[in-house]
Amino acid sequence: MARRRRTSLFTAGYEGLSLSQFLKQLNAASVEVLFDIRYRPQSRKPGFSKNKLAAACKRAGIRYLHDPKLGTPPDQMEAMKAAGAYTPQIFKRYRTFLLKQGDSLEQAVEVVSKENTCLLCYEADYRTCHRRIVAEEIERRSGVPVTHLSLAVNGAK
């Protein structure tokens, strides 16, 4: 019987990092897939918009995937901005939304079960980001434990 490969699930935010610092940290963690879970994969930070990030990942030997259905929907993002941060109510609302994203969640579980995967969003602190909720649900479904990478440097949170 073939032994199943043990994989890892990571999360990371790029806040406070350059693209090269971010990719270096992902390579140090043996990340094989960067799974972008931003609703809109755009960034004012150089290199972190979808197409440039995908190209940089390819050069670094990391596969890039994006699924907007795992991102924070616009109405919830507006509520978060109005509150100044994610609140327990906003996280609860996001979890309810996430649990309705069946195909997207299942695809994420499948990827995580086969390859070392890192969920990407902006915030340096996973506790203030929806990626924590996504990671918890993937961990619950796949059994692959989550590690929240702390990649922030140069005074970022």
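The values are calculated or read from the model by the stated rules, or taken from the named source; none is laboratory data. Source: prediction; values computed, not measured. Virtual Cβ from ideal backbone geometry, glycine too; neighbours counted across all protein chains shown.
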Subset of the range 22-45 that is more than 17 Å from residue 124 (Cβ to Cβ) and touching a helix residue (DSSP H, G or I) at 6+ places or on another chain (Cβ under 8 Å) - its residue that is surrounded by the fewest Cβ atoms within 10 Å (Cβ to Cβ)
42
Return the total of residues in the range 69-79 being more than 18 Å from the chain's Cα centre (by Cα) and either surrounded by 15 or more Cβ atoms within 10 Å (Cβ to Cβ) or of a type in the set (Val, Ile, Thr) (or both).
1
Per the list (1) more than 17 Å from the chain's Cα centre (by Cα); (2) closer than 22 Å to residue 34 by Cβ, residue check on residue 119 breaks on (1)
Is it the case that the range 94-101 has a residue that's surrounded by 17 or more Cβ atoms within 10 Å (Cβ to Cβ), in contact with a strand residue (DSSP E or B) (Cβ under 9 Å, 6 or more places away or on another chain), at pLDDT 95 or above and not small (Gly, Ala, Ser)?
no
In the range 89-105, is there at least one residue being in contact with an Asp or Glu (Cβ under 7 Å, 6 or more places away or on another chain) and within 21 Å of residue 32 (Cα to Cα)?
yes
In the range 45-91, which residues are modelled with pLDDT under 95, among the aliphatic types (A, V, I, L, M) and more than 21 Å from residue 101 (Cβ to Cβ)?
82, 83, 85
Filter the range 1-16 down to residues that are at pLDDT 95 or above and of a type in the set (A, V, I, L, M) and give me whichever is nearest to residue 139 (Cα to Cα).
9
